[in-house]
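Take a look at the structure set out below.
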Amino acid sequence: MSRIKAIIFDMDGVILDSESISDITWRKAAEERGLSVNDEILNACRGSNKNDTIVTLKKYYGEDFDSQAFLERTSELFHEIEEKEGIPLLPYAKEILEYLKPRYRLALASSTRGPTVERQLRAAGVIDFFETRTTGEMVEHSKPNPEIYLMACKSIGMEPEECAAIEDSLNGIRSAHAAGLHPIMVIDKVQPTEEIRNMCECIFESLDGLKSVL
């Protein structure tokens with residue numbers, strides 16, 4: 001991967017262990033409404049911004065489902081946990097950022113809203129590793145649409161083929177691949193399908209694996 005000059009990271013499930021908290025809050029919010037949330041629904045929404053998540057929820061629960069109220073409740077529950085316990089970094093997150101920072105340009109492409117991204121990265125002590133942050137409210141369509149990665153590349157003045165994307169979700173890999181980056185998957189909650197394996201340059205069980213290729 002000698003052509004790589006920049007690394008663009010996803011945040012949730014790559015840098016921060018926020019996916020574990022999100023899964024808890026989604027299941028609780030669904031239970032309050034007498035519904036169930038299975039892995040298929042959770043995985044379909046991973047890596048998506050609010051607008052696209054609303055569309056996905058209506059697909060599963062029907063057009064009359066109040067997706068807005070559901071997401072507001074999951075957000076309330078998430079903040080309760082975040083305030084009480086914080087959001088831990090995933091294994092090797094800070095170590096790999098320290099390793100890569102002198103070698104590459106680093107940026108972020110997260111479907112989460114900007115203020116939340118800033119708050120959580122600052123609390124985790126890793127915000128200064130990233131030159132730019134491209135976030136969910138900045139794009140019309142989130143992952144798997146390539147828009148967010150194309151915008152992230154532009155934000156640091158790089159062509160997509162000069163950038164690697166570090167992702168944990170299937171939608172994230174699809175987005176980076178469609179944008180023309182070099183996708184690398186670090187497995188968190190979801191195992192790669194054959195489709196995703198064919199899109200990835202590499203697949204690792206943890207961020208520490210990046211040292212072998214970058």
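Assorted remarks:
- Counting charges near Cys45 (Lys, Arg +1; Asp, Glu -1) among other residues having Cβ under 12 Å from its Cβ returns a value of 0.
- Distance-filtered residues of the stretch 157-189 - backbone nitrogen under 20 Å, label point 7 angstrom along Arg113 Cα→Cβ: none
- Taking the Cα centre of the chain as reference, the dipole from Cβ charges on Lys and Arg (+1) and Asp and Glu (-1) amounts to some 540 debye.
- Per-bin percent of Cα-Cα distances, the stretch 92-214 [5 Å]: 2, 12, 21, 25, 25, 13, 3, 0
- Net charge, Thr74 excluded, C-beta distance under 14 Å - Lys, Arg +1, Asp, Glu -1: -3
- Euclidean distance of C-alpha centroids, the stretch 147-214 and the stretch 54-68, integer Å: 29
- Solvent exposure, largest accessible area first (probe 1.4 Å, DNA, RNA and ligands not counted), of Glu118, Glu31, Glu159: Glu31, Glu159, Glu118
- Label point of Arg33 set 7 angstrom out along Cα-Cβ; within the stretch 137-157, no amide nitrogen lies under 11 Å from it.
- Cα gyration tensor shape for the stretch 1-113, rounded if a/c is under 1.5, else prolate or oblate: prolate
- Cα-derived Rg to Rh of the stretch 74-130, Kirkwood definition: 1.01
- Cα gyration tensor, the stretch 98-155 - rounded (a/c under 1.5), prolate or oblate: oblate
- Surface composition of the stretch 1-72: carbon plus sulfur atoms contribute 46% of the solvent-accessible area (1.4 Å probe, protein chains only, all chains present).
- Per residue, the stretch 53-119 exposes 56 Å² of accessible surface when a 1.4 Å probe is rolled over the protein heavy atoms with every protein chain present.
- Among Ser175, Asn49, Leu97 - extreme Cα towards positive end, dipole of the chain, charges at beta-carbon: Leu97
- Only lysine pairs 8 or more places apart, or on different chains, with alpha-carbon atoms under 18 angstrom apart are counted in the chain, and they number 13.
- Where only alpha carbons of the chain are counted, the Rg and the Dmax (Å): 16.5, 52
The values are calculated or read from the model by the stated rules, or taken from the named source; none is laboratory data. All of these numbers come straight from a predicted model, not from anything done at the bench. FYI the Cβ positions are ideal-geometry reconstructions off the backbone, even for glycines, and counts take in every protein chain you see. Calculation scope for accessible area: heavy atoms of the full protein, side chains included, ligands and nucleic acids excluded. Shrake-Rupley method; radii C 1.70, N 1.55, O 1.52, S 1.80 Å.
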